[in-house]
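The values are calculated or read from the model by the stated rules, or taken from the named source; none is laboratory data. Everything numeric in this text was worked out from a predicted model, so none of it was measured. Every residue, glycine among them, receives a Cβ derived from its backbone with ideal geometry; neighbour counts consider all protein chains shown.
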Amino acid sequence: MASSVGGSYLIYSSAEPIVHYEEAPDGGERVTGRHGGRSALVTGAASGIGAAIARRFAAEGAHVLVVDRNGEGVAQVARELERAGGQAAGMTADLADTNGVAAMAEAVGSILGSLDVLVNCAGIGQRPTPFHEMEPDEFDRILAANVRSVFLTTRALLPLMFASPRAVIVNVVSSIAARPRPGLVAYAASKAAVGSLTQGLALELAPRGIRVVGLCPSAANTPMLVEFMAGADTEESRAALLATIPFARLVEPDEIAAAACWVACDEAAMITGDLIAIDGGRGL
């Protein structure tokens, strides 16, 4: 596990974070972001959307915990955030495993004491498969990675979030939760479950002042996209996909990260239980 506390701030995004200036102990100015002084744990943060979210929170001043089952990727992203002047620590965990999640939560408690933001981004895709040909083990694998992981992680970390005065849970869902696609039934079902969990938990946690929000991106420009295209990432297959999106382009990870950072900040204090589309109009 890599951990350290950086002393400087660096904008690390193609879309510049909102920054604030405050007086530093030496009498000079220190730049912080909307999440300065807060802690954020991002799952699935070794690559893709999760890594982009981790970078954005670090750029806006949060102490970020990078969590993924890919230990090499975790270490790489955590070091990257530290080199950029951020506060970061990395943890490797199988989030579908009860004991592994419990150990992770204990480590988080020892590092931070409390937790302000949890971003559940870990998950896997699905290679297009006719429903009647899907093996039960593959169905279980998708549900474990995409749903069980959110349940176990959130349940284990909630006690740490109860100690935060303005805690927020951000779940990365998908536009497919509302608009299933042929051949991707298991994936769609898993994301619909996370969407329902998001809204139910928002109601349950509202009396404690904890917000829960879902982000629903459409096809994103990440390595996982190839799996959804059955490994056939050709010019023709991309053109067919883009034809279903009014903006005629993929969602960029940085765009999802910007949305996650905003919904978790105080400016969005009255937003909870919403499933926010980030799909270029695909759901219209």
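Assess whether N70 counts as being closer than 23 Å to A219 by Cα and either touching a strand residue (DSSP E or B) at 6+ places or on another chain (Cβ under 6 Å) or of a type in the set (S, T, Y) (or both). When the stated conditions are applied, N70 does not pass them. Candidates R127, R141: the one that is basic (K, R) and at pLDDT below 95 is R127.
Listed by first and then second residue, the pairs linking a residue in the stretch 35-54 that is assigned to a loop (DSSP other than H, G, I, E, B) and at pLDDT below 95 to a residue that is among the charged types (D, E, K, R) and crowded, with 24+ Cβ neighbours inside 10 Å, with Cβ atoms under 8 Å apart and 6 or more places separating them unless they lie on different chains, are H35/E60; G36/E60. Just one of (1) among the charged types (D, E, K, R); (2) assigned to a loop (DSSP other than H, G, I, E, B); (3) crowded, with 20+ Cβ neighbours inside 10 Å fails for R249. It is (3). Taken over the stretch 91-120, the criterion of being part of a strand (DSSP E or B), in contact with a Ser or Thr (Cβ under 8 Å, 6 or more places away or on another chain) and not β-branched (V, I, T) is satisfied by L118, N120. Set side by side, the residues A239, A243 differ, and just one is farther than 22 Å from G48 by Cβ, exposed (fewer than 12 other Cβ atoms within 10 Å of the Cβ), modelled with pLDDT of 90 or more and out of contact with any Pro (no Cβ under 8 Å at 6 or more places or on another chain), which is A243.
Restricting the stretch 203-236 to residues that are among the β-branched types (V, I, T) and assigned to a strand (DSSP E or B) leaves a set whose member that is nearest to F162 (Cα to Cα) is V212. Can you confirm whether G123 is part of a loop (DSSP other than H, G, I, E, B), buried (at least 22 other Cβ atoms within 10 Å of the Cβ) and in contact with a Gly (Cβ under 7 Å, 6 or more places away or on another chain)? For G123, the condition - part of a loop (DSSP other than H, G, I, E, B), buried (at least 22 other Cβ atoms within 10 Å of the Cβ) and in contact with a Gly (Cβ under 7 Å, 6 or more places away or on another chain) - is met. Filtering the stretch 156-173 to residues that are of a type outside the set (A, V, I, L, M) and either outside any strand (DSSP E or B) or free of Cβ contacts under 8 Å to residues at least 24 places away in the same chain (or both) leaves P159, F162, S164, P165, R166.
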